[in-house]
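Working notes, structure below.
The values are calculated or read from the model by the stated rules, or taken from the named source; none is laboratory data. Here the structure is a predicted model, which means the values were calculated and not measured. Glycine also receives a Cβ, built like all others from the backbone with ideal geometry; neighbour counts cover every protein chain displayed.
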Amino acid sequence: VSTQSTGYFNNRGLLDFRREVARFITERANTDVSIEAEYISILNGCSAAFCFLAFVIGGHGDRYLIPTPYFGMTDAFMEEYSGLVPIGVELDSDNMPDLEQLTKSYDDALARGEKVCGIVLINPHNPTGAIYPKDRVIEVLEFAKQRKLHVIVDEIYLLSVFEEGDFESCLSYTKQWPDPQRTHFMWGFSKDFAMSGSRCAMIYSQNQSVHKIFGGTIGFQHMVSGVMQMKLCSMLQDTTWLDYFLAESRRRLKKNATLVTNTLDRHNIPYLKPQGTLFLWADFRSIFKDKPSAEEANLIFFKMLDHHIYIPSSLGFNGTHLTDSYFRIVYAIPNDALTIAMQRFEEFLAAY
Amino acid sequence: MVDVLSLRGQNHLSQAPSLLYYGFVKCNENPYNATTNPDGIINMGTAENKICDDLIIPKLDIPGHITPPQTQYFPVNGMTELRQEVASFLTAKTKADVAIETEQVSILNGCSAAFCFLAYVIGGHGDRYLIPSPYYGMTEKYMAGYSGLVPIGVELDSDNMPDLEQLTKSYDDALARGEKVCGIVLINPHNPTGAIYPKDRVIEVLEFAKQRKLHVIVDEIYLLSVFEEGDFESCLSYTKQWPDPQRTHFIWGFSKDFAMSGSRCAMVYSQNTNVHKILQDKMKFHTVSGIVQMKLSAILRDTTWLNYFLVESRVRLQQNASLVMKTMDKHEIPYLKPRGTLFLWVNLGKIFKEEPRAEEETLIFNKMLDHRIYIPSSLGFKGTHLTDGYFRIVYAVPSKVLALAMHRFEKFLRAYSLNEDVTVEC
């Protein structure tokens, strides 16, 4: 700890830390171009990143397109201070962004007299765990460029993908971004580093004005303690430990995911094969007594709570009628607790 | 590229930066360092306590015992332990008339965040708030950024106290213009004057606010930097006399009193439970790292060290203030006698050569920068014509540096009176 981190410093983050984050992400995301510290701003969480980016990409009341289902809190982050309104866009049958649906949603919004300012992609996807491959992401970026829309790409689960080769970060093809001035990337320590309490994330954008605005006064509202930045900085510098940790974390996540999929297989409950993140998206339609409905999904949710397990339904993810029977199961909990959780789940199944 | 961004984003960039921001950046571009950069600019403008690093840094450096709650999601408005510790700490240090409860405290990552958040909950976009002028210039940026509140500066009286007549006039004028006023902001001890508002003046303002259903934000960030403990009565020591507790909100932070402006940790006290609920439920934008929260909790629990530190800090601050006062006295430059905070408010009027003074203020500011000292003028504090010629000098810099800064200041005075250009000398 030194006076540099205990006194006031640049809103955008301590330079040493930004440099280290730049180095780290360049390596771990296999970027095509070396990430520069000047294109990075540090903030206290991806929630703050959504909030701030929402402020600079659109005006109060503007809309943004977001594939649905999606992590339910995202709209609160984009809306509270910044007033952006989501338009959920159905994914296709492979849980991929659907250009036809995007186009329809966009055109419908315009027809309603609404202004659309951007698109939000979370990749790997929350809650489905689906991984959007490069060509699908570029399709969306192209779609956005034609309409002068900003795109926010949140890769918060970047390093939680079980097999490294399975995920291509959009940072690995920045030279192919159709509209770099309107493409903004975010990542944070919460998931990949198993420290959601660190409250530390980053925005990468080639649009310098984004960082200028953040560095002006808005950034004050999202600063991370200097002491914390330096702690994380030294953590990132320890590449030997990092290599070990990231591999071990992925190994454990995969092991836990298998425990859950084994249970689901036993009961013939289909799910999207998990490739990473901390959860899997399971289809409970065989459990429903009637045709899947939001009502019964809610009932099932509460019944599971009665059995002392908390597993949210698609209601927490702004799902459509297509996802009424889906639930998101987080498997990244200690093994013994996970085993008990699966036991309780089976008890619930039997009881229901 | 700025024009692809939202209008509100673009507006941010087109606004002239605060003088305080400009000075801070200038100092960081060319920072004074006795060994590596003796010709650098000495920062006498950013209000930080830089004279207690030897006490604070070891405290922050102690490898703490980190446990899972700190590394995982915790309540958005602060870990229970820190809220508890802050509640007890402030109850004791402000001699609160009623013990502060944990549930009345929220933690945010800075007083700037506290202003931003409170602005969001007390008024709507475009609403006005009254604030005694001069005032710390960045406050309006914090209240405007996300939340869109607009300040109305209200002249202080000749004792630098809030003036009911002026408040009333400002309020009535605003209404006549069709504006909506939602609140009042008080910073006590005051920035930049260093004045201390006594209890009766604060209550007057609270009464004024209650009659008009206005919120009041009381920022006491310099609470424990007052030299003589008995000189300052925190508003927390008379909460039972608050006319409108549901609309009265208190801010304090670790930045000044604990000499750790980089900690980015502050608190809001309010008896209005909805304030805390709103922050907790939806506004996950001002959280503080769990590890830092626990470090600060541990520091607050160490009452022996605390008692030593808070006394020692005040002793050093007062010593430094005296050094500056001596220099001012030597040159017969009047100032408001500092009783605390980290700065004093001096009237450089006598060195001005012309009227009106606003332009020459900027010239003098820049000439001082040429002499490698950063001392912001009243421009950084939204002063009125009454404060033209005033400058705020931060004295909380290490003694040797302070002595050099005063030396450079005297050189500047000499050069300015003789219309000489600066000769750079270390």
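So is A:PHE71 within 12 Å of chain B (Cβ to nearest Cβ) and either assigned to a loop (DSSP other than H, G, I, E, B) or under 24 Å from B:HIS12 (Cβ atoms) (or both) or not? Talk me through it step by step, then tell me what you get.
Values: within 12 Å of chain B (Cβ to nearest Cβ): no; either assigned to a loop (DSSP other than H, G, I, E, B) or under 24 Å from B:HIS12 (Cβ atoms) (or both): yes.
No: the conditions fail for A:PHE71.
Given the conditions (1) out of contact with any Lys or Arg (no Cβ under 7 Å at 6 or more places or on another chain); (2) at pLDDT below 95; (3) at positive phi, report the number of the one that B:GLU332 does not fulfil.
(2)
Every residue in the stretch A:124-134 that is crowded, with 22+ Cβ neighbours inside 10 Å and either among the β-branched types (Val, Ile, Thr) or more than 18 Å from A:ILE329 (Cα to Cα) (or both), please.
Step one: of the stretch A:124-134, the residues crowded, with 22+ Cβ neighbours inside 10 Å are A:124-130, A:132.
Scanning the stretch A:124-134 gives A:THR128, A:TYR132.
Going through the stretch B:20-36 one residue at a time, which ones are more than 8 Å from every other protein chain (Cβ to nearest Cβ), in a helix (DSSP H, G or I) and surrounded by 15 or more Cβ atoms within 10 Å (Cβ to Cβ)? Walk me through it before giving the result.
Filtering the stretch B:20-36 for residues more than 8 Å from every other protein chain (Cβ to nearest Cβ) gives B:20, B:22-23, B:25-27, B:29-36.
This time we only want the ones that are in a helix (DSSP H, G or I), so: B:20, B:22-23, B:25-27, B:29.
Hits for the stretch B:20-36 are B:LEU20, B:TYR22, B:GLY23, B:LYS26, B:CYS27.
Please determine whether any residue of the stretch A:56-63 is of a type in the set (A, V, I, L, M, F, W, C), under 22 Å from A:PRO124 (Cβ atoms) and buried (at least 18 other Cβ atoms within 10 Å of the Cβ).
Restricting attention to the stretch A:56-63, the residues satisfying the condition of being of a type in the set (A, V, I, L, M, F, W, C) are A:56-57.
Pick out the ones that are also under 22 Å from A:PRO124 (Cβ atoms) and you get none.
No, there is no match, as no residue in the stretch A:56-63 is of a type in the set (A, V, I, L, M, F, W, C), under 22 Å from A:PRO124 (Cβ atoms) and buried (at least 18 other Cβ atoms within 10 Å of the Cβ).
All but one of (1) within 14 Å of chain B (Cβ to nearest Cβ); (2) in contact (Cβ under 8 Å) with a residue 24 or more places away in the chain hold for A:ALA76; state the number of the condition that does not hold.
Of everything listed in (1) within 14 Å of chain B (Cβ to nearest Cβ); (2) in contact (Cβ under 8 Å) with a residue 24 or more places away in the chain, A:ALA76 misses just condition (2).
For the stretch A:151-173, does any single residue satisfy the condition of being at pLDDT 95 or above, over 26 Å from A:LEU236 (Cα atoms), of a type in the set (S, T, N, Q) and more than 17 Å from the chain's Cα centre (by Cα)?
no
Can you pull out the residues in the stretch A:183-196 that are without any contact (Cβ under 8 Å) to a residue 40 or more places away in the chain and buried (at least 24 other Cβ atoms within 10 Å of the Cβ)?
The answer is A:PHE185, and nothing else.
Which members of the stretch B:2-19 meet the condition of being in contact with a strand residue (DSSP E or B) (Cβ under 9 Å, 6 or more places away or on another chain) and more than 10 Å from every other protein chain (Cβ to nearest Cβ)?
Start the filter on the stretch B:2-19 by keeping residues that are in contact with a strand residue (DSSP E or B) (Cβ under 9 Å, 6 or more places away or on another chain), which leaves B:4-6, B:19.
Within the stretch B:2-19, B:LEU19 is the sole residue that qualifies.
Can you tell me which residues in the stretch B:373-426 are under 22 Å from B:ASP53 (Cα atoms) and among the charged types (D, E, K, R)?
Correct list: B:LYS400 only.
Which members of the stretch A:201-218 meet the condition of being more than 7 Å from chain B (Cβ to nearest Cβ), buried (at least 23 other Cβ atoms within 10 Å of the Cβ) and more than 21 Å from A:LEU171 (Cα to Cα)?
Answer for the stretch A:201-218, where residues must be more than 7 Å from chain B (Cβ to nearest Cβ), buried (at least 23 other Cβ atoms within 10 Å of the Cβ) and more than 21 Å from A:LEU171 (Cα to Cα): just A:PHE214.
For the subset of the stretch B:96-137 comprising residues that are in a strand (DSSP E or B) and among the hydroxyl-bearing types (Ser, Thr, Tyr), which member is farthest from the chain's Cα centre (by Cα)? Don't jump to the end; show me each part of the working.
Pass one, the stretch B:96-137, residues in a strand (DSSP E or B): B:105-108, B:128-133.
Next cut, among the hydroxyl-bearing types (Ser, Thr, Tyr) only: B:106, B:129, B:133.
Values: B:SER106: 19, B:TYR129: 17, B:SER133: 14 Å.
Ranking the candidates gives B:SER106 first.
From the list B:THR102, B:THR94, which residue is crowded, with 22+ Cβ neighbours inside 10 Å and not hydrophobic (A, V, I, L, M, F, W, C)?
Working: B:THR102 fails: crowded, with 22+ Cβ neighbours inside 10 Å.
None of the other options fit; the residue is B:THR94.
Quick one: in the stretch A:272-290, which of the residues that are part of a loop (DSSP other than H, G, I, E, B) and among the aromatic types (Phe, Trp, Tyr) is farthest from A:ALA257 (Cα to Cα)?
At the first step, the residues of the stretch A:272-290 found to be part of a loop (DSSP other than H, G, I, E, B) are A:272-278, A:284-290.
Next cut, among the aromatic types (Phe, Trp, Tyr) only: A:284, A:288.
Numbers: A:PHE284: 17, A:PHE288: 24 Å.
Only one residue tops the list, namely A:PHE288.
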